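Encoded as structure tokens, the structure appears first; notes follow it.
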Amino acid sequence: MLPLFLAATDAAHAAGEASIVEKFGIEWHYIVWQIVSFLILFGVLYKFGIKPTIATMEERNKKIGDGLRHAEEMQAKLAASQAESAALVKAAQLEAAKLVDEARKAAKEFGDKQQADAIARAADTLAKAQQAIELEHKKMLDQARGEIARLVVKTTEQVLAKKLTDADRAAYNEAATKELALR
């Protein structure tokens, strides 16, 4: 840019016109010093201002990218763990249903067994009661026969108006007992 500016100044000076440099009072050594000091200022600002700012921005962009990747990984892990927990819950539900069914079957079998035992005990008790009734019935019949035989003997004594001997009594008792047994 500087050579172009110098060429324009030389062309204007050759044409006889007052050059821009002369009109504005531009001195070349001040312009060169200003350009050099601008370049130094630009270099210092670049090194201590722009370069650290760009590095900080790149670091932040990297952290943001890492954070986004981490968030995506965590989201994928969360989805996987949710799927795994759903599978575990489903398996637990199936296991619980299986256990409930087994418990129901065991309870039904236990109830059936208890019912069969109760029926068997009731039948046993009923059979024992019937035996006891039969024994009591036989005992009562024996007592009734004995009493009837005693009454027959007493009645016979009174009808005959005599005292019977023990042998006669035994004979009458035996005959009455046989008669009652046949009926």
What dipole magnitude, in Debye to the nearest 20, does the range 28-101 give about its Cα centre under +1 on Lys/Arg Cβ and -1 on Asp/Glu Cβ? 380 debye
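How much mean residue ellipticity at 222 nm does the chain get from its helices, if each DSSP H run of length 4 or more adds -39500 (n - 2.57) and you divide by all residues, to the nearest 500 deg cm²/dmol?
Details: 5 runs with 163 residues, N = 183.
The helix contribution divided over the chain gives -32500 deg cm²/dmol.
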If the cut-off is 25 Å between C-alpha atoms, which lysines fall inside it for K77, apart from same-chain ones fewer than 8 positions away? K62, K63, K90
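Using the beta-carbon distance between D166 and A144 and R0 = 22 Å, what value does 1/(1 + (r/R0)^6) give for FRET efficiency, to the nearest 0.05? List each step's numbers first, then the result.
On the way: r = 22 Å, r/R0 = 1.02.
Efficiency for this residue pair is about 0.50.
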Find which of I40, A83, H70 sits farthest along the positive direction of the dipole of the chain, computed with +1 on the beta-carbon of Lys and Arg, -1 on that of Asp and Glu, about the Cα centre. A83
Between the helical axis of 166-182 and the dominant principal axis of the chain, each derived from Cα atoms, what acute angle in degrees is found, rounded to the nearest 10? 50 degrees
Extension length gain for E174 and E58 (0.36 nm per residue less Cα distance), in nm, is 28.5 nm
Once the in-chain neighbours fewer than 8 apart are removed, the lysines whose Cα is under 17 Å from K178 read K138, K139
Suppose every K and R has +1 on its Cβ and every D and E has -1 on its Cβ; what is the size of the dipole of the range 103-183 about the Cα centre, in Debye to the nearest 20? 220 debye
Taking Cα pairs under 8 Å and at least six residues apart, what relative contact order does the chain come out at, in percent? 10 percent
Under 20 Å by backbone N from the virtual spin label 7 Å along Cα-to-Cβ at E95, the residues of the range 69-85 are 81-85
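We did not get these values from a lab; they are worked out from the coordinates using the rules stated. Here the structure is a predicted model, which means the values were calculated and not measured. When we count neighbours, we look across all protein chains shown, and the Cβ atoms used for this are built from the backbone with ideal geometry, even at glycine.
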